[in-house]
Amino acid sequence: MTNNQAENEIAIDRLAEKLGIQATYEDLQGVVQEVPRSTRLRLLQALGFHDQVPRGSVENRQTPRLEVPEGTKCYLPDMLQEKRVWGISLQLYELRSSRNHGIGDFEDLKNFCRIAADAGADFIGLNPLHALFLSDPSRCSPYSPSNRLFFNPLYLAVDNVPGFSEDMIDQKMAARLRYSETVDYVGVADVKLAALKTLWQRWKGSDPSNPRFSSSAFRDFKTAGGHDLCGHCLFEAISGQMTEKGYGSGWLDWPQPFRDCQSREVQDFATAYEEDVDFHAWLQWLTTLQIEEVVTYARAVGLGIGLYFDFAVGDVPDGSSTWSRSDLVLRGMHIGAPPDAFSAAGQDWGLVPLSPAQLTDQSTSHYKKLVGASMSFAGALRLDHAMSLWQLFLIPEGETPATGGYMRYPFPEMIQSLAEISQVQQTLIVGEDLGNVPEGFRPAMEKAGILGYRVLYFEDYDDQGFNLEAIPYHSLACLSTHDLSPLAGWWRSDDISLEESLGRIDPQVALQLRSERQKRKRALLQGLVHIGLLPSDMVIPTDDEAIAPEIAVGLHRLLARVSSMLVTARLSDLIGESLATNIPGTSSEYPNWQLKLKVLVEDLPANPVYRTISAALSEERPKPHRWLGPHSLSGGADQA
């Protein structure tokens, strides 16, 4: 190696360090892992630097800092300064009703808001509602969005769209979809889009008397959406035609000329198929209007916080966001997690990271726009993998997670963007801070007014059970998440049995996991005994024994007694469901994001399990004075 080569490598390493690309990291077991130099070079290339480092580029770079600027604080409702509240989390698609068309929709959600408020809840937690791929509904993971600026029109209640009539729907098909055990996304899309296309033609031929649905209101919506809305809808229109021709729904599978949103072929398509593009804009408009209606109704029936949205950590590489704004992401990199004791191979989440270069200017911050799209309607917003505010584990495309490494993000600028839009929209922020949490991150979150996220299953325990006081006040607590089995299945170790049956763990590991599960169950029961919710001579259930009703109720009382501001119960736990929503790392082996609840929405108030557990939660956390939040029918923050 020549002196010039050696000097250049040193300069490259210094630049990588300045840009926040870490040469080593500490894994969950406390072992320091070295990041391959080839990975750091790939990250530099993704950031726009190649073989040579421009003179002065190191000195002019600001090293990322984990600092919260003074006065930067996310919004917190006054009601939470005095009271602790509870809510119910659900997957919108899993709601079953006697009127929907095979998937939970915004009308089902509106009905559930009233049911939950009557039970004493103050918020409804939802899966991400981000736009997916209408031309390929089988791509149904809500955490793998095409574009986080927009919403998924499959959740539209088509029977609430002006001009709807029952003859627009294939009633036999709708009945089959409605009563199936799982969501048939392809069938649902066929039925709903057929009706919506008919409604689109009717709407264009008339001008509804309701000004909210007028053509001028639609024009205003398109104007406000600007380039971003146009790009997404153009993508959806092209995607629809491409899938009809046998190509994939994502742009990486399209013919070369269509992979460039600025190409002549794309511009010609936009002109020739303007009406198709307008149809997708119309769907986004209707979706926004129906979400606004739910928000208004939720506050009217007494949900003090309202809707609690979930914000995914990234977009897929071949979706509308990366196609229309490729400058905003780091191409060729995927977000994931390093190998650890729970996942020996690590995880590649198949999502692309935002480019840090686009996040530092407050006046043009794309991150502010992204989170603001959800905050316009949310009383609370959950940031999936909140550590992305500071660092992401990035994997070069085509490589394994073992070669990945961490890159730091401009935390002060991102937290300012988040806090500013949080205050404007009056949306409280919850940060999902599970996994490999860097030192100093949780104190920074608390200083910025972001609530932490605590899962009771994961908390430390001793002979006296779980230490409820260890869960901080500035947090949201729950029993489990969408990536874990509901309480009934977790209690029987169904998740461990499933992993073993799929060959993902061997019998010896399964035995160890069951032993650990038994210890955690014992700790939970000790906790119930300690606070007087179970008798001291309670017999520890065996591994395959179903959870007793009094234990299920007791565990929710235990949850409600933790010191956190917010607690949320899964709707699946409130009706005794046992099957998991999602098994991370599986695809065709398990019906992820497809299972429906077994109880109709309208039957929930009479369901004995729902009534008993929700009553227990309400007794432990009685509803505070009614708080009507800022979100009006228009979704604005300045109207009450």
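Nothing in this text is a laboratory measurement; each read-out follows from the coordinates by a stated rule. In this text the structure is predicted, and so the values were computed from the model without any measurement. For neighbour counting, all protein chains shown are included, and Cβ atoms are generated from backbone atoms with ideal geometry for every residue, glycine included.
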Point to revise | Debye, to nearest 20: dipole size of the chain, +1 on Lys, Arg Cβ, -1 on Asp, Glu Cβ | key: 1040 debye
Exercise for review: Tell me which residues come under 5 Å, amide H to amide H, from Ile21 once H is placed; ignore anything under 5 positions away on its chain.
Suggested key: Arg408
Exercise for review: Counting only DSSP beta bridges with both residues in the chain, tell me the antiparallel percent, nearest 5.
Suggested key: 45 percent
Study note, to complete from the structure: Sorted by chain and number, the residues with a modelled amide H under 5 Å from that of Ser89, at a separation of 5 or more or across chains, are Gly125, Ala569, Arg570, Leu571
Study note, to complete from the structure: Exposure-ranked with fewest Cβ neighbours within 10 Å first, Ser493, Ser588 stand as Ser588, Ser493
Exercise for review: Report ³J(HN,Hα) in whole Hz for each residue of the range 504-515, in order, from the Karplus equation J = 6.51 cos²θ - 1.76 cosθ + 1.60 where θ = phi - 60°; Gly and Pro get x.
Suggested key: 7, 9, 8, x, 5, 5, 4, 5, 5, 5, 5, 5
Check your understanding: How big is the charge dipole of the range 463-504 about its Cα centre, in debye rounded to the nearest 20, if each Lys and Arg gets +1 on its Cβ and each Asp and Glu gets -1 on its Cβ?
Key -> 80 debye
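Tell me what the chain gives for mean residue ellipticity at 222 nm when only DSSP H runs of n ≥ 4 count, each as -39,500 (n - 2.57), the sum divided by the residue total, rounded to 500 deg cm²/dmol.
After summing the helix terms and dividing by residue count, I get -12000 deg cm²/dmol.
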Review point. In nm, to one decimal, how far is the modelled label at Glu545 from the one at Asp260, with both set 7 Å along Cα→Cβ?
Key: 6.9 nm
**Study point:** Sequence of Leu66, Leu156 once ranked by neighbouring C-beta atoms within 10 Å, starting from the fewest
**Key:** Leu66, Leu156
Review point. Ordered by residue, what ³J(HN,Hα) values in Hz, to whole numbers, does the range 263-270 give under the Karplus form 6.51 cos²θ - 1.76 cosθ + 1.60, where θ = phi - 60° and Gly and Pro are x?
Key: 5, 4, 5, 5, 5, 5, 4, 4
Practice item. Quick one: compute the contact order of the range 316-471, relative version, from alpha carbon pairs under 8 angstrom and 6+ residues apart, as a percent. Key: 21 percent
Review point. Near Lys222, which aspartates and glutamates are there with a Cα under 12 Å away, not counting those fewer than 8 places off in the same chain?
Key: Asp278
Point to revise | Of Lys192/Lys598; Lys204/Lys369; Lys369/Lys447; Lys245/Lys596; Lys83/Lys596, pairs whose Cα-Cα distance is over 27 Å | key: Lys204/Lys369; Lys245/Lys596; Lys83/Lys596
Practice item. Would you give the gap between the C-alpha center of the range 495-533 and the C-alpha center of the range 293-307, rounded to a whole Å? Key: 38 Å
Practice item. Determine, for Phe133, Phe458, Phe441, the number of other Cβ atoms within 10 Å of each Cβ, and report the residues in order from fewest to most. Key: Phe458, Phe441, Phe133
Review point. Between Thr586 and Gln267, how many nm apart are label points set 7 Å from Cα along the C-beta direction?
Key: 5.0 nm
